[in-house]
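**Q** This structure is in structure tokens; I'll ask about it shortly.
The values are calculated or read from the model by the stated rules, or taken from the named source; none is laboratory data. Since the model is a prediction, treat every value here as computed from it, not as a measurement. Neighbour counts are summed over all protein chains in view; Cβ atoms, including those assigned to glycine, are modelled from backbone coordinates with ideal geometry. Just so you know, the surface numbers come from the protein's heavy atoms only, side chains and all, with ligands and any DNA or RNA stripped out. Shrake-Rupley method; radii C 1.70, N 1.55, O 1.52, S 1.80 Å.
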Amino acid sequence: MRAAITEGHGGREKIRIVDDWPMPEVGESQVLIEIAACGVNFHDIFTRRGMPGITLKMPVIVGSDIAGSIAKLGKDVSGWAIGDRVLIDPIIYHDGKMGMIGETVDGGRATHIAVDADNLVRIPSGVSFEQAASLPLAYGTAYRMMITQGKIQAGETILILGASGGVGSACVQLARMVGAEVVACASSDSKLDRLKSIGADHGINYATGSIVDGVKALYGKPKVKGGGGVDVAVNFTGGDTIKDTQRCVTKGGRILTCGATAGYDVGLDMRYLWSFEHHMIGSDGWERSDLEALLRLIDEGQLEVTIDKVFSLEETAEAERLLEDREVVGKVIIKPL
């Protein structure tokens, strides 16, 4: 079959298109999926670059956000039929250990994939393959952080750092969906303009000014006795951004996180944590129920996913470049067929 393989750790030159990758064998409890769309994530890039402490078998087909139609059923599979439209939940377990499709086993940058039927989520008729393939790693993570864990509400003010990426733009849309007032942070005015077009009310360009000054200009400085600042801050950047984030949140406000792309060893200012009675809430990935909820929201017209670019399999390296160079707002999709 045709596939884009990652031959080893390194730069984008490690991505190669092949026509003779073995068609996957279908186990008794598996299905063969003809892949219609595969989302591109920074996780794919981290897999290519190599991650400290993680050893992966190379070459590998990366790509974890996968949508397509069932082409073949294993003999023990029930409840599914040839032609059913499905999203794949990419979390897998082997010998009690968690893994990820597109990392520990071959993923979605190919024409076909064999997966356990237990990993399938039915796609409603009103949801496209491209929309479904935008969900797990970005929208699933954002939904669990914002809705399931963070319980954001209408009327709240929400600051979102790193708003232009896949998770960040999903946070913008989810906050807008519930009726919150959204402050998006990004590195350029053009990105902020795009974020406003998908739901942000305000923008802060952190390349030309600080988020603390931006929040003060909008809502005033947070006060120990209450008032000023935002109700909720979303920070999955980590690194040296946490202290400034603390300085933006009102008394009793919440700081939500699902990762630390700029580093996990952060400098927390404990004075703000106790004196402003902040609530720091962590969120780890997604559950199946989060993906099902997102599919319903799209099907009902309550949520519209943001897809920046759609590429062919041959353009896989360019799709990764756009993410690496931070040139996108929303999701990038590869269509293998």
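**Q** Inspect the stretch 146-153 for any residue being within 16 Å of Cys258 (Cβ to Cβ), in contact (Cβ under 8 Å) with a residue 12 or more places away in the chain, crowded, with 24+ Cβ neighbours inside 10 Å and out of contact with any Lys or Arg (no Cβ under 9 Å at 6 or more places or on another chain) and give the result as yes or no.
**A** Looking for residues that are within 16 Å of Cys258 (Cβ to Cβ), in contact (Cβ under 8 Å) with a residue 12 or more places away in the chain, crowded, with 24+ Cβ neighbours inside 10 Å and out of contact with any Lys or Arg (no Cβ under 9 Å at 6 or more places or on another chain), one finds at least one in the stretch 146-153, hence yes.
**Q** Do you know which of the residues in the stretch 79-106 that are assigned to a loop (DSSP other than H, G, I, E, B) and touching a helix residue (DSSP H, G or I) at 6+ places or on another chain (Cβ under 8 Å) is nearest to Leu337 (Cα to Cα)? Quick ask: steps written out before the conclusion?
**A** Let us first name the residues in the stretch 79-106 that are assigned to a loop (DSSP other than H, G, I, E, B), namely 79-84, 89-90, 95-96, 102-104, 106.
With touching a helix residue (DSSP H, G or I) at 6+ places or on another chain (Cβ under 8 Å) added as a condition, the list becomes 79-80, 89-90, 102-103.
On the way: Gly79: 26, Trp80: 23, Asp89: 21, Pro90: 20, Gly102: 18, Glu103: 21 Å.
That would be Gly102.
**Q** When you look at Ala114, is it in contact with a strand residue (DSSP E or B) (Cβ under 9 Å, 6 or more places away or on another chain) and either assigned to a helix (DSSP H, G or I) or over 20 Å from Ile61 (Cβ atoms) (or both), yes or no?
**A** Numbers: in contact with a strand residue (DSSP E or B) (Cβ under 9 Å, 6 or more places away or on another chain): yes; either assigned to a helix (DSSP H, G or I) or over 20 Å from Ile61 (Cβ atoms) (or both): no.
So Ala114 does not fit the description; no.
**Q** If you scan the stretch 320-337, which residues turn out to be open to solvent by less than 20 Å² (accessible area, probe 1.4 Å) and assigned to a strand (DSSP E or B)?
**A** Of all residues in the stretch 320-337, those open to solvent by less than 20 Å² (accessible area, probe 1.4 Å) come to 320, 322-323, 328-334, 336.
Passing the criteria: Lys331, Val332, Ile333, Ile334.
**Q** Now, a different point. Residues of the stretch 242-259 being part of a helix (DSSP H, G or I) and either closer than 25 Å to Gly140 by Cβ or open to solvent by 20 Å² or more (accessible area, probe 1.4 Å) (or both), which ones?
**A** Here is the first cut: in the stretch 242-259, the residues part of a helix (DSSP H, G or I) are 242-246.
Scanning the stretch 242-259 gives Ile242, Lys243, Asp244, Thr245.
**Q** If you don't mind, another one. Looking at the stretch 299-319, is at least one residue surrounded by 14 or more Cβ atoms within 10 Å (Cβ to Cβ), farther than 30 Å from Glu13 by Cβ and in contact with a Leu (Cβ under 9 Å, 6 or more places away or on another chain)?
**A** Scanning the stretch 299-319, I find at least one residue that is surrounded by 14 or more Cβ atoms within 10 Å (Cβ to Cβ), farther than 30 Å from Glu13 by Cβ and in contact with a Leu (Cβ under 9 Å, 6 or more places away or on another chain), so the answer is yes.
**Q** Among the polar types (S, T, N, Q), open to solvent by less than 10 Å² (accessible area, probe 1.4 Å), at pLDDT 95 or above and farther than 30 Å from Arg122 by Cα - does that describe any residue in the stretch 269-280?
**A** From the stretch 269-280, those among the polar types (S, T, N, Q) are 275; that's our starting set.
When the remaining residues are screened for being open to solvent by less than 10 Å² (accessible area, probe 1.4 Å), the result is none.
Looking through the stretch 269-280, none of the residues is among the polar types (S, T, N, Q), open to solvent by less than 10 Å² (accessible area, probe 1.4 Å), at pLDDT 95 or above and farther than 30 Å from Arg122 by Cα.
**Q** For residues that are touching a residue at least 24 places away in the same chain (Cβ under 8 Å) and farther than 21 Å from Pro59 by Cβ, scanning just the stretch 82-111, find the one that is surrounded by the most Cβ atoms within 10 Å (Cβ to Cβ).
**A** Filtering the stretch 82-111 for residues that are touching a residue at least 24 places away in the same chain (Cβ under 8 Å) and farther than 21 Å from Pro59 by Cβ, the one surrounded by the most Cβ atoms within 10 Å (Cβ to Cβ) comes out as Leu87.
**Q** A further question on this structure: Restricting to helices (runs of 4 or more DSSP H) lying wholly in the stretch 126-241: which have 1 or more residues that are over 21 Å from the mean Cα position of the chain (by Cα)? If you could, list the steps in order and put the result at the bottom.
**A** Numbers: elements: 129-132, 166-178, 189-197, 211-219.
The helices (runs of 4 or more DSSP H) meeting that bar are 189-197, 211-219.
**Q** For the stretch 1-16, which positions are under 25 Å from the mean Cα position of the chain (by Cα) and aliphatic (A, V, I, L, M)?
**A** Our first condition is that a residue be under 25 Å from the mean Cα position of the chain (by Cα); within the stretch 1-16, this holds for 3-16.
Residues satisfying the conditions are Ala3, Ala4, Ile5, Ile15.
**Q** Might you let me know whether the stretch 156-165 holds any residue that is closer than 23 Å to Glu292 by Cβ and either in contact with a Cys (Cβ under 6 Å, 6 or more places away or on another chain) or open to solvent by 10 Å² or more (accessible area, probe 1.4 Å) (or both)?
**A** No, every residue in the stretch 156-165 fails to be closer than 23 Å to Glu292 by Cβ and either in contact with a Cys (Cβ under 6 Å, 6 or more places away or on another chain) or open to solvent by 10 Å² or more (accessible area, probe 1.4 Å) (or both).
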